Amino acid sequence: MPETPARTPAGLSIFFPAYNDSGTIASMVVSALLAARALTPDHEVIVVNDGSKDGTPQILDELARMYPQVRIVHHPKNRGYGGALRSGFEAATKEFVFYTDGDAQYDPSEVALLWERMGPGVDLVNGYKIARSDPFHRIVIGRLYHHTVKTLFGLGVRDVDCDFRLMRRSIFDTVTLTKDSGVICLEMMKKITDGGFRIAEVPVHHYHRAYGKSQFFNFRRIFRTGLDVLRLWHDLVIKKVHRAAPQARA
């Protein structure tokens, strides 16, 4: 009897949005490379440098010279968190795409937990924080935001803003992301949910920020985020613009 052809190993793209993360990004990239190699021989690691003003660009260029699986996307000017995520998704070339932040509040090696949960009946594996390692005021604001948007947008996931996700790249054949701010996570989860994609959830660890500071937690940014959420709610819940016509990958 002829032998059954061996299945080509699934490909994995790992990417990080990075902004002034010179203290953490090198260790994140190396950790991601080690994790990816343990999962599949077909892998790549991408970092989107979103207009960093510290040593991040130079560190990333050196990492790309050292490791052939590493690619860097440089934004000359800061485009915002959403702009960085959109660039990362566009740059990814493999069947599965995983992303997390470059500030080391998540452990890239835990992508193995999501990879194990991914299967034929799953399109996206969403991490959720076992416990949030942030100052008390950030935990309170985060919980208020989380429960508010879950109610407004009718989302069932445990943690809308846990930026530790593994998904099929084919999702973006029909889902188009438009936001440049951090509200892109809410936009993404709402469009993916409404698109009928199947979501699984896995607990992951969340760590104290060891380097740098959050770009989100100031009054002006919170106010702008609130307005962005209301506009998104009007577009996706009231007008349902993403359901009015077929979407295409940007």
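Any chance you could check the Cα centroid distance between segment 74-106 and segment 160-190 for me, in angstrom?
Taking the Cα centre of segment 160-190 as reference, the centre of segment 74-106 is 11 Å away.
First select every other residue whose beta carbon is under 14 angstrom from the beta carbon of Asp107; then total the charges, Lys and Arg +1, Asp and Glu -1. Could you put the intermediate results ahead of the total?
Working: positive: Lys129, Arg209; negative: Asp101, Asp103, Glu110, Asp163.
Here the charged neighbours net out to -2.
With each pseudo-label sitting 7 Å past Cα toward Cβ, what's the Ala10-Thr93 distance in nm, one decimal?
2.0 nm
How large is the accessible surface per residue of the chain, computed with a 1.4 Å probe and reported in Å² as a whole number?
Accessible area per residue, the chain: 50 Å².
With the full set of protein chains in place, find how many percent of the accessible area of the chain is carbon and sulfur; take the probe as 1.4 Å.
Working: 7040 of 12390 Å².
Its accessible area is 57 percent carbon and sulfur atoms.
Of Glu95, Glu110, which has the most accessible area and how do the rest follow, probe 1.4 Å?
On the way: Glu95 80, Glu110 25 Å².
The residues order as Glu95, Glu110, largest area first.
From the phi of every residue in segment 151-166, what ³J(HN,Hα) in whole Hz does the Karplus formula 6.51 cos²θ - 1.76 cosθ + 1.60 yield, where θ is phi - 60° and glycine or proline is x?
For segment 151-166, the Karplus-derived couplings read 6, 4, 9, x, 9, x, 5, 5, 9, 5, 9, 7, 7, 8, 9, 10 Hz, x marking Gly and Pro.
Please work out whether segment 36-173 counts as rounded, prolate or oblate from its C-alpha gyration tensor, where a ≥ b ≥ c are the square roots of the eigenvalues and a/c under 1.5 means rounded, while otherwise a/b larger than b/c means prolate and anything else oblate?
Details: a/c = 1.76, a/b = 1.25, b/c = 1.41.
It is oblate, given that a/c is not under 1.5 and a/b is not larger than b/c.
Taking a cut-off of 19 Å between Cα atoms, list the aspartates and glutamates near Lys129, but don't count ones fewer than 8 places away on the same chain.
Cα-Cα hits under 19 Å: Asp101, Asp103, Asp107, Glu110, Glu116, Asp159, Asp161, Asp163, Glu201.
Once amide H atoms are placed 1.01 Å from N in the peptide plane, what residues at a sequence separation of 5 or more from Tyr99, or on another chain, have their amide H within under 5 Å of its amide H?
Under 5 Å from the amide H of Tyr99: Phe15, Arg165.
Given a cut-off of 25 Å, name the pairs among Lys94/Lys239; Lys94/Lys179; Lys94/Lys240; Lys53/Lys150; Lys150/Lys239; Lys53/Lys179 whose C-alpha atoms lie farther apart than that in the structure shown. Intermediate results must be reported in sequence, preceding the final value.
Numbers: Lys94/Lys239 34 Å; Lys94/Lys179 23 Å; Lys94/Lys240 30 Å; Lys53/Lys150 35 Å; Lys150/Lys239 18 Å; Lys53/Lys179 23 Å.
From the list (Lys94/Lys239; Lys94/Lys179; Lys94/Lys240; Lys53/Lys150; Lys150/Lys239; Lys53/Lys179), the Cα-Cα distance tops 25 Å for Lys94/Lys239; Lys94/Lys240; Lys53/Lys150.
The values are calculated or read from the model by the stated rules, or taken from the named source; none is laboratory data. Because the structure is predicted, anything quoted here is derived from the model rather than measured. Because the Cβ atoms are built from the backbone with ideal geometry, glycine has one as well, and the counts that use them run over all protein chains shown. Protein only, heavy atoms only, side chains kept; ligands, DNA and RNA dropped before computing areas. Shrake-Rupley method; radii C 1.70, N 1.55, O 1.52, S 1.80 Å.
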